[in-house]
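These notes concern the structure reproduced below.
We did not get these values from a lab; they are worked out from the coordinates using the rules stated. Computed from a predicted model, the values in this text were never measured in an experiment. In this analysis, Cβ positions are derived from the backbone assuming ideal geometry, glycine residues included, and neighbour counts consider all displayed protein chains.
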Amino acid sequence: MPIDTTITPAGIATLVARNLVAPFGVLFLGWSAPNLLVLYYLDTVLEFAVLIVLIGRHVTGIGPVGAATRPFAGPLDWVKMSVAALFAATLIGLPLGAPIIIASAAFDLSWSELLDPSFLWALAAQSVTSVTGAVQAHRALLARSDDEHVLKHRAAFVFGRYLVLAIAVIVVPYSLLGRRLGGGVLVAIYAGASAYFELFPGRALRWLNPKEARADELQQAQAHPKERE
């Protein structure tokens with residue numbers, strides 16, 4: 001789970017190439033677009049769980065003790081927070097699953113596809129990636145003093161790119177394009193949104209909550225006045 005994006009020519013090339021892999025696989029290698037869409041949804045739920053854990057660790061503290069919260073106090077708190085975060089992220093993800101259900105029905109996604117070993121391996125790999133990303137993000141935040149700012153933008157990124165996919169499911173006539181081409185278009189839209197919001201980290205928050213974005217930019221300008229000169 002990256003915290004910041006450094007925009008360099010090499011970084012742009014890597015970012016674009018990484019996000020083109022899935023659309024290329026759907027269009028030319030016969031990858032299952034419905035499976036990828038389900039994987040994107042599950043990845044979004046896992047990302048929200050990671051964000052909840054990191055917010056609890058770095059911003060709010062864990063659980064009410066009387067009228068106040070307390071900081072993490074060891075491995076048991078990590079376990080408690082992770083379980084609670086996964087439960088909360090699942091609840092958040094329930095309404096977000098509607099676009100995937102619509103697309104899956106249009107593509108006649110079957111249970112056998114979801115139970116295919118390749119999909120289950122991909123899901124396992126995504127889960128491992130989420131855990132390692134959370135550890136890396138935690139370590140990066142320990143070296144920073146703007147935890148709330150970073151996590152706020154990351155939440156906007158995760159929700160923003162999925163919202164783009166949800167809108168695409170509503171407005172793109174993918175069912176008329178067929179399973180491969182229509183699915184490839186949806187996957188390409190998600191990949192494009194991911195690349196765009198990673199290249200321009202502040203734009204997801206500006207799109208979702210302009211007022212909050214302006215307040216955040218003002219706060220950052222006041223905290224780092226020399227960077228504005």
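The angle separating the long axis of helix 9-28 from the principal Cα axis of greatest extent in the chain is about 30 degrees.
Largest mean-square fluctuation among ILE102, ILE52, ILE189, in a Gaussian network model of the chain whose springs join Cα atoms under 10 Å apart, belongs to ILE102.
Amide H to amide H distances under 5 Å link ILE62 with ARG70, PHE72, where only residues 5 or more positions off or on other chains count and H is placed in the peptide plane. Here the convex hull built on the C-alpha positions of the range 111-167 has a volume of 84 cubic angstrom per residue.
Inter-label distance, ARG139 to ALA98: 4.1 nm, where each label sits 7 Å from its Cα along the C-beta direction. Once the Cα-Cα distance is subtracted from the 0.36 nm per residue extended length, the ALA105 to ASP146 segment shows a gain of 10.5 nm. Here LYS211, LYS80 are placed in order of increasing Cβ neighbour count within 10 Å, fewest first, which gives LYS211, LYS80.
Shown for TRP111, TRP121, TRP78, TRP207: other C-beta atoms within 10 Å of each C-beta, ranked fewest to most, produce the order TRP111, TRP121, TRP207, TRP78. Between 0 and 90 degrees, the angle of helix 75-96 with respect to the longest Cα principal axis of the chain falls at about 50 degrees. P(r) for the range 75-229, from all Cα pairs and a bin width of 5 Å, is 1, 7, 11, 16, 20, 16, 12, 8, 5, 3, 1, 0 %, short bins first.
Rounded to two decimals, what is Rg over Rh for the range 19-130 when you use alpha-carbon atoms and the Kirkwood radius?
Here Rg/Rh amounts to 1.09.
Angle of helix 210-223 to the longest C-alpha principal axis of the chain, folded into 0 to 90 degrees and rounded to 10: 40°. Note on the chain: GNM, Cα springs under 10 Å; of ALA105, ALA166, ALA73, the largest mean-square fluctuation is that of ALA73.
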